[in-house]
Amino acid sequence: MDLNAYRRLLRLHWVAILLLTLLGAAAGAAVAQSQSPVYAAKAQMLVTVSAPGEDSSQAYQGALLSQQRAKSYTTLLTGQSVLRQLTDQLGLPYSVEHMKSHITADNPTDTAVIDVTVRDRSARQAREIAQALGPAFSRIVSSAENSGQQGDGKAPVINVRTLEPVQLLDGPVSPHKDFDILLGLAVGLFLGLVWAVGREVTDTRIRDVQDLEQNTDVDVLGVLPRGGRNRDLEFRTGLPDAPVRAQAFRWLALTTEIPARGAGARAYVVTSPLGGEEPAGVAAGLAIALAESGTRTIVVDAQRSRVQLADLLGLSSPWALTDVLDGRVSLDEALRTWHDDVPLRVLAGRVAEPGADTPPLRQAEVADLRGRLTARADAVVFLAPSVLTRSDATVVARAVGQVILVAEAGVTRVPDFVQSVQRLRSVGVGVLGAVLSGERRRRSRPYVPAVSPPARLNGRDVRREDRGRSHTAEWSPGNGGGPRRASKAEPR
């Protein structure tokens, strides 16, 4: 993973990483808080070997012997005989094993000194044990080492004595609250990163433009931020109030300005792999953006789902697409004008009744309708059912032409999107591009797609070298030549 991959990982999963890190720190603090404080007392003992009338050679041998004895006494000091005598002397309610786990002895290299540390939950108890340990151990050593000697006075005498008064350390030696919190913080951060990497590897949802570009060969036409809280009122008076979202729809309108099949108006099909609310919002926003730029636009609701395009645009109509196809009403009578000052008309859809036998759309009828609509408008937008759940999507796509495939950020999965593209291409339908809708990332400027038509921004042409950049300036169609898509020969 490169630096950009880590940045993306943090951007997508920073909430979970932060939460696990804080939980780790809280767990460390809880563990430290639940532990009783432990105090420590230190004592220092010296092993000496003496012999009457010893010369320098004997003194040297005695020093070596004291060092050897000190090393072996570190084990004897925590032996059962010493600890049992100590507990009996002090009347301690501890077992020998408990005492052994709370007393440590160490012999510094090349010395006859024994450093003893006693730990206990009571500071007074730790000091009393350390004070009693020296005399008790000295008696045991004297009894073991000196009791069997001959009375000639020539044998060396081994003694153990306490060098300095017992020292009680200031404050408890455990728990280490700061260390426990830092350890919990580090463990939580590690678990958060592991979770994020695992999620990144196993999660197949499309969450940003990078997921679309890396996993599909479809051009990204636009990225639409999430809509407002009240989606039912979002498109009733015009494009959304949010500047970035409104500009994103205008960029989408520019990007989709391609020549239609044959002469005349342009026609698009807006659909998605598995449906939802986002395709209707994309179709409504695209139609409004086209109409507000002066393009005579008709939007047709052909999905027959609970998300009604007419409701989204604040219109009501007694007639629907099926009435026009069945000949129960004329096309002009069924079309509804959105606003008098905007050249946008709507052909409403109708929700299929649950359990009702709804006949599928016929390609010849939809193709005929397309011809009649393009004679009345410069751009026609069909909102089709989902590709993977309804056969009507491919029927409408084959009759109309180019398809705009909508992926809902955080919902649509890569396998479903790829399968939708393959299904459309298998019936000879070209996919104009993809629109990522409902992006959760906050952008200060709209995303500029990789495939951009000639447009004017502050008096200059916007070409493919602007891929991935953002602009908030007002746009207007370029002069001459009309919109185009970059050819495959151009570098991406």
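The values are calculated or read from the model by the stated rules, or taken from the named source; none is laboratory data. It should be emphasised that the depicted structure is a prediction, and the values quoted were computed from it without experimental measurement. Cβ atoms come from the backbone with ideal geometry, glycine included; neighbour counts cover every protein chain shown.
Things to note:
- Residue within segment 432-441 that is surrounded by fewer than 18 Cβ atoms within 10 Å (Cβ to Cβ), modelled with pLDDT under 85, over 24 Å from GLU365 (Cα atoms) and out of contact with any Pro (no Cβ under 7 Å at 6 or more places or on another chain) present: yes
- Top-ranked residue in segment 1-52 [being of a type in the set (A, V, I, L, M) and assigned to a loop (DSSP other than H, G, I, E, B); ranked as surrounded by the fewest Cβ atoms within 10 Å (Cβ to Cβ)]: MET1
- Test: residue in segment 86-102 that is assigned to a loop (DSSP other than H, G, I, E, B), under 53 Å from the mean Cα position of the chain (by Cα) and surrounded by 13 or more Cβ atoms within 10 Å (Cβ to Cβ): yes
- Residue pairs whose Cβ atoms lie under 6 Å apart, separated by 6 or more positions or on different chains, with the first residue in segment 320-344 and surrounded by fewer than 19 Cβ atoms within 10 Å (Cβ to Cβ) and the second among the polar types (S, T, N, Q), are ARG336/SER317.
- Taken over segment 358-407, residues that are among the acidic types (Asp, Glu), in contact (Cβ under 8 Å) with a residue 40 or more places away in the chain and over 26 Å from GLY222 (Cβ atoms) amount to 1.
- For segment 220-241, a tally of residues being part of a loop (DSSP other than H, G, I, E, B) and modelled with pLDDT under 70 returns 4.
- Single unsatisfied condition, GLU128 versus (1) touching a residue at least 60 places away in the same chain (Cβ under 8 Å); (2) closer than 21 Å to TYR39 by Cβ: (1)
- Residue in segment 108-116 that is assigned to a helix (DSSP H, G or I) and either at pLDDT 85 or above or on the phi < 0 side of the Ramachandran plot (or both) present: no
- Looking across segment 180-219, the residues that are in a loop (DSSP other than H, G, I, E, B) and buried (at least 17 other Cβ atoms within 10 Å of the Cβ) come down to ILE206, ARG207, ASP208, THR216, VAL218, ASP219.
- Residues in segment 114-125 that are touching a residue at least 40 places away in the same chain (Cβ under 8 Å) and over 26 Å from ARG69 (Cβ atoms): ASP120, ARG121, SER122, ALA123.
- Checked against (1) modelled with pLDDT of 90 or more; (2) under 29 Å from the mean Cα position of the chain (by Cα); (3) part of a loop (DSSP other than H, G, I, E, B), PRO385 passes all but a single condition, namely (2).
- Condition met for TYR60 (of a type in the set (Ser, Thr, Tyr) and either surrounded by 15 or more Cβ atoms within 10 Å (Cβ to Cβ) or assigned by TED's automatic domain parsing to the domain that holds ILE181 (or both)): no
- Residue ID - nearest to the chain's Cα centre (by Cα), chosen from residues in segment 292-316 that are surrounded by fewer than 17 Cβ atoms within 10 Å (Cβ to Cβ) and of a type in the set (Lys, Arg): ARG306
- Qualifying residue in segment 257-276 (condition: over 20 Å from VAL435 (Cα atoms), polar (S, T, N, Q) and modelled with pLDDT of 90 or more): no
- All conditions in (1) touching a helix residue (DSSP H, G or I) at 6+ places or on another chain (Cβ under 8 Å); (2) in a loop (DSSP other than H, G, I, E, B) hold for GLU164, with the sole exception of (1).
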